[in-house]
Structures are given as structure tokens and as C-alpha cells.
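The values are calculated or read from the model by the stated rules, or taken from the named source; none is laboratory data. Bear in mind that the values here come from a model prediction, so they are computed numbers and not experimental data. Here the Cβ positions follow ideal geometry from the backbone for every residue, glycine too, while neighbour counts run over all protein chains shown. The area values use the complete protein model at the heavy-atom level, side chains included, leaving out ligands, DNA and RNA. Shrake-Rupley method; radii C 1.70, N 1.55, O 1.52, S 1.80 Å.
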Amino acid sequence: MGRFMSRTSSVEFKNATRIHIGLTTSDLDRAISFYSLLLGTDPVKRRKDYAKFEADDPSVNLSLKAGSIEQASALRGHFGVQVKSTEAVKVAKQRFELVGVVVRNERDTVCCYSLQDKFWVQDPDGNEWEVFVVLDDAKMLHSEPSECCITEEPTSAASCC
């Protein structure tokens, strides 16, 4: 087994590590539009069959490759962007709403043993993305969201969620 030479990355990023996600997409242009909204930035690299985002916040290297999603490995879950405040959830949600993307809201919902405010969107290939803030610990895995949380903004905490 060979030894690795000590070398440094040719790409700068803020922290010592970051997440990399590589997705195959059936419509590269639509995916670029979606992920530009989700990450709040444009791709750093674009080719006829490829795009790459290198966002600092959230810290992610996301590559998109044009191709048949039937040939790509099946995703059995979802993706998410965790933020630090409900205000950050609101700002991210507004980016989508301003261009007419349908969002699914959840307020004061229990998910993954934590109380969260979040919204959900789907990328052009049907992958589920959540933008969420963890508000507190919870004793259960999940709860069913209130119907009004999914379809509309609540008018008060007592009347919804």
C-alpha cells in the first residue's frame, strides 16, 4: 500500500471540512436555477453537462451532472440545510416564493427528536430539501404537522401548529 504525500487543497473554503454532494439531474438548467435559490449563490463552474457550487454558507461542494436519473443511484431520504434562526428560514423561503416555487411549511414540528421550524421544497428531479432551525430537544422522533402549517402562514401560534 502506497503512502500519501502531504499536499493541500487547491480550493479554498472556510472550515477544515465541508460536505460534498454529487447529484445526477435530468434537466441541468432547471437544477442550476433551483440550487442557486437554495444556496443563495451561482455555480462556480459550468459546463454543458455539469455545474458545481462551492457555497460557504452552508459549507457544501455540490456537483450536478446531466444524465438519466433512472441510471443514478436511488436516494432513500432527503437533504437539508440547517440554519441558526427562524429569520434565516424565512429569508431562504422568500427566495423560493419570489419566483413562484411551492414550499411546504412546518412550524413547531417535531422531527428527528427535535422541535423545528422549517420548510420543504423539491428540486427538479423530485429530491426533497428542507431548510430548518432546531428550536429545542424533543422526546419523540416525529409528529404530524398541522394542515395549516403546510398550506399557509399561521396568524398566531395559538391558531396554528
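Under a 1.4 Å probe, what is the accessible area of the range 12-59 per residue, stated in Å²?
62
Work out how much length residue 66 to residue 87 would gain on full extension: take 0.36 nm times their residue separation and subtract the Cα-Cα distance, in nm to one decimal.
4.2 nm
Once you order the gyration tensor axes a ≥ b ≥ c over the Cα atoms, which shape class does the range 75-118 get: rounded for a/c under 1.5, otherwise prolate or oblate by comparing a/b with b/c?
The shape class here is oblate.
Rounded to the nearest 0.05, what FRET efficiency do residue 97 and residue 143 give with R0 = 35 Å and r taken as the Cβ-Cβ distance? Could you check?
Between residue 97 and residue 143 the formula returns 0.90.
Can you work out ³J(HN,Hα) from phi for every residue in the range 43-59, in order, using Karplus 6.51 cos²θ - 1.76 cosθ + 1.60 and θ = phi - 60°, giving whole Hz and x for Gly and Pro?
x, 8, 9, 9, 10, 4, 10, 7, 8, 9, 10, 10, 7, 8, 9, x, 6
Counting only protein heavy atoms and using a 1.4 Å probe, what share of the accessible area of the range 40-140 belongs to carbon plus sulfur, as a whole percent?
48
Apply the Karplus curve 6.51 cos²θ - 1.76 cosθ + 1.60, θ = phi - 60°, to the phi angles in the range 23-36 and return the couplings in whole Hz, x for Gly and Pro.
10, 8, 10, 7, 9, 4, 4, 5, 5, 4, 4, 4, 6, 5
Going highest first, how would you order 115-123, 56-64 by mean Cβ packing within 10 Å?
The packing order, highest mean first, is 115-123, 56-64.
Over the range 21-101, what is the relative contact order in whole percent, taking alpha-carbon pairs under 8 Å and six or more residues apart?
Across the range 21-101, relative contact order equals 32 percent.
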